[in-house]
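Here the structure comes first, spelled out in structure tokens, and everything after it is commentary.
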Amino acid sequence: MKLATWNVNSLNVRLPRLLPWLASEMPDVVCLQETKLEDAKFPHDVLHDAGYEAHFAGQKTYNGVAIVVRHGLAATDIVRGIPGYADTQQRVIAATVDGVRVMSVYVPNGQAVGSDKYVYKLGWCDAARDYFAATLAAHADVAVAGDFNVAPEDRDVHDPASWEGQVLVSEPERAAFRGFLATGLVDSFRLFDQPPGTFSWWDYRMLGFPKNRGLRIDHVLLSKALAPRCTTCRIDRAMRKGEKPSDHAPVIAELA
DNA sequence: ATGGCAATGTTTCATTGA
């Protein structure tokens, strides 16, 4: 199974990038974040014609997640949101695909350390951690893929000194990310040797991408039963180039 | 070489993202 995650920063705008990428990369499952579409406007017909079935949880303007599955594979037991956690923001959808419990997650950005949004982020991560733990208790094979809005370590940051203490790298956020791992998840990217300076997000401003001033904040986490099946994990940096790129690049993991 | 903010709606600016 080839499993990818991509924060598209508006599915509407990114469809002309997504469709040829699906055709060339041919992933089996794609977790999308920041679709920014209410469900009535989700382009499921277009994706269907492209050979994929989409399951989604969206809202107007902000957030929105989806799990897109190649025809021939069934997605079952769709669950939207975090059960038992009241949240007006659409940030999680889960489905079982080919025996793997797949979760597409969009962790809150947090805006600035100490802000209301930062407090919301940390509280959301607590609820998500409990949800991941419950999912791991019920399923051996789990993949949690998405935009975590946390760079786990300094090597995931282009310039750790300039980012120290800032949102996306602050210690409470990194502790929350370690809390995800502590439930029994593994960062698939770090199962393999990776080139230094590999990131998944670059600011649109200030020549962020040309200067490779990026962060690795998009991740594919695998349960310990599933991790040994992972043969590769890479970030598709080429998708940050060209016409109207998202500010995020896809992360692609392959499972034998 | 890459590209010098982008997307949305509240729309000609404010808000949010990271």
Task: Ranked A:Met26, A:Met239, criterion: other C-beta atoms within 10 Å, fewest first - done: A:Met26, A:Met239
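So, counting K/R as plus one and D/E as minus one, what does the shell of residues with Cβ under 12 Å around A:Ala253 add up to?
That works out to -1.
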Open item on the list: To make sure I understand, if each residue's beta carbon is the centre and we count other beta carbons within 10 Å, what order do A:His139, A:His248, A:His55 fall in, fewest to most?
Closed with: A:His139, A:His55, A:His248
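Stretch A:Lys60-A:Ala74 to full length: gain in nm at 0.36 nm per residue minus the Cα-Cα span? Provide the component values of the computation, followed by the final result.
Values: separation 14, 0.36 × 14 = 5.04 nm, distance 2.76 nm.
Fully extending the segment from A:Lys60 to A:Ala74 adds 2.3 nm.
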Task: Estimated D of segment A:126-191 in µm² per second, where Rh is the Kirkwood radius over Cα pairs and Stokes-Einstein applies at 25 °C, 0.890 mPa s - done: 191 µm²/s
Open item on the list: Can you tally the lysine pairs in chain A where the Cα-Cα distance is under 24 Å and the two residues are eight or more apart, or on different chains?
Closed with: 14
Task: At R0 = 30 Å, FRET efficiency that the Cβ-Cβ distance of A:Glu164 and A:Asp193 yields, to 0.05 - done: 0.70
TODO: Return the single residue from A:Trp201, A:Trp21, A:Trp124 with maximal mean-square fluctuation; model: Gaussian network over chain A, springs between Cα atoms under 10 Å.
DONE: A:Trp21
Open item on the list: Using Cα springs under 10 Å in a Gaussian network model of chain A, which residue among A:Ser188, A:Ser104, A:Ser115 shows the largest mean-square fluctuation?
Closed with: A:Ser115
- [ ] Jot down the per residue volume, in cubic angstrom and as a whole number, of the convex hull over the alpha-carbon atoms of segment A:169-238.
- [x] 98 Å³
Task: Added length on full extension, which subtracts the Cα-Cα distance from 0.36 nm per residue, A:Ala138 to A:Arg229 - done: 30.8 nm
TODO: Calculate how large, on average over all directions, the projected area of the Cα convex hull of segment A:4-77 is; give the answer in nm² to one decimal.
DONE: 4.5 nm²
Task: Relative counts (whole %) of C-alpha pair distances in segment A:32-160, using bins that are 10 Å wide - done: 12, 39, 33, 14, 1
Task: Calculated FRET value between A:Val46 and A:Asp154, using beta carbons and R₀ = 51 Å, to 0.05 - done: 0.80
Task: Burial ordering of A:Thr5, A:Thr183, A:Thr96, fewest other beta-carbon atoms within 10 Å first - done: A:Thr96, A:Thr183, A:Thr5
Task: Most fluctuating residue given options A:Leu191, A:Leu222, A:Leu168, as computed from a GNM of chain A linking Cα atoms under 10 Å - done: A:Leu191
Task: Spacing of the two label points (7 Å from each Cα toward its C-beta) at A:Ser115 and A:Asp236, in nm - done: 3.0 nm
Open item on the list: Need one word for segment A:87-181: rounded, prolate or oblate. Basis is the Cα gyration tensor (sqrt eigenvalues a ≥ b ≥ c); a/c below 1.5 gives rounded, then a/b vs b/c decides.
Closed with: prolate
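Helix-only mean residue ellipticity at 222 nm, chain A, DSSP H runs n ≥ 4 weighted -39,500 (n - 2.57), per residue, nearest 500. What is it?
It comes out at -7500 deg cm²/dmol, rounded to the nearest 500.
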- [ ] For segment A:96-254, just the Cα set please: Rg and Dmax, both in angstrom.
- [x] 15.5, 45
Task: Cα-based convex hull, segment A:37-106, per residue volume (Å³, whole number) - done: 82 Å³
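Any read-out appearing in this document is the output of simple, stated calculations on the displayed coordinates, not a laboratory observation. Owing to the predicted nature of the structure, the values given are computational and were not obtained by experimental measurement. Note that we place each Cβ from the backbone using ideal geometry, even for glycine, and neighbour counts take in every protein chain shown.
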